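The values are calculated or read from the model by the stated rules, or taken from the named source; none is laboratory data. Nothing here was measured: the structure is a model prediction, and the numbers come from that model. So basically every Cβ, Gly included, is an ideal-geometry build from the backbone, and we count neighbours across all protein chains shown. Keep in mind that these areas ignore ligands, DNA and RNA; they rest on the heavy atoms of the full protein, side chains included. Shrake-Rupley method; radii C 1.70, N 1.55, O 1.52, S 1.80 Å.
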Amino acid sequence: MVQLTGPKKIKCAVFISGTGSNLKSLIQFSKKKNSPISIELIISDNAKAKGLKFGKIFKISNKVFNYKNKIVAEKKIISEVKNKKIKLICLAGFMKILSKNFIKSFKGQILNIHPSLLPKYKGLNTHQRALSNNEKYSGCTVHFVNSRLDSGKIILQKMVKINKHDTTKSLSQKILIEEHKLYPKAISKIFSL
Ligand code: GAR
């Protein structure tokens, strides 16, 4: 993992596909005096991602890459990220699976947040599956990204209680509130000396 040395902050890119509420919380975290990161780049596969507005609001450069050809898109992203000397990539609701080659290019430098208590409910529709299985608890996980989906080393998790009236919407909202706290905490944890 990249070491935090001196007063300089680690340059970070956040990858999104949708609303970007985690992006917003990471930007707010990055602006704190003791935050180890500065967010230099926002990347999306989706030109309509609502979260792109945070790039404009906080004056962070936004780039959208067309994923019709994944190999070409990833090549461009790799060069953009390397040009900007980014040392940490935070996936925050980025709904494309990164290739092995991409992950190898940033070994130990990619984090993801997932809305379940991994290793339970990897992949999509996590809330629906947790509810259908009558789980009593769900939650969220921040982990390093490796070449197997949602399987990298876990950094932090937070449990959330499921009530009998919860729907996918209410559960996702409850978990998102915890995600917004967990991601900054996990980043602080990996850079704590
Ligand atoms: C979050 O719940 C995040 O954990 C999830 O997408 C949502 C994005 O919300 N990510 C995944 O499911 C990745 N497999 P946001 O755009 O408001 O941050």
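One residue is enough: does the range 92-103 have a residue meeting the conditions touching a residue at least 40 places away in the same chain (Cβ under 8 Å), open to solvent by 10 Å² or more (accessible area, probe 1.4 Å) and outside any loop (DSSP other than H, G, I, E, B)? Yes; the residues of the range 92-103 include at least one that is touching a residue at least 40 places away in the same chain (Cβ under 8 Å), open to solvent by 10 Å² or more (accessible area, probe 1.4 Å) and outside any loop (DSSP other than H, G, I, E, B). Look at Glu80 and say whether it is at pLDDT 95 or above, open to solvent by less than 60 Å² (accessible area, probe 1.4 Å) and either among the charged types (D, E, K, R) or within 13 Å of the ligand (Cβ to nearest atom) (or both). So Glu80 passes the test. When His143, His114 are checked against the criterion of being open to solvent by less than 40 Å² (accessible area, probe 1.4 Å), in contact with a Lys or Arg (Cβ under 8 Å, 6 or more places away or on another chain) and near the ligand (Cβ under 10 Å from one of its atoms), His114 stands alone in meeting it. Looking across the range 159-173 at every residue that is among the basic types (Lys, Arg) and under 14 Å from Lys136 (Cα atoms), the one that is surrounded by the most Cβ atoms within 10 Å (Cβ to Cβ) is identified as Lys161.
Applying a threshold of 8 Å to beta carbon distances and a minimum spacing of six or more residues, or different chains, the list of pairs starting in the range 175-187 at a residue that is among the basic types (Lys, Arg) and ending at one that is in a helix (DSSP H, G or I) and crowded, with 18+ Cβ neighbours inside 10 Å reads Lys181/Ser25.
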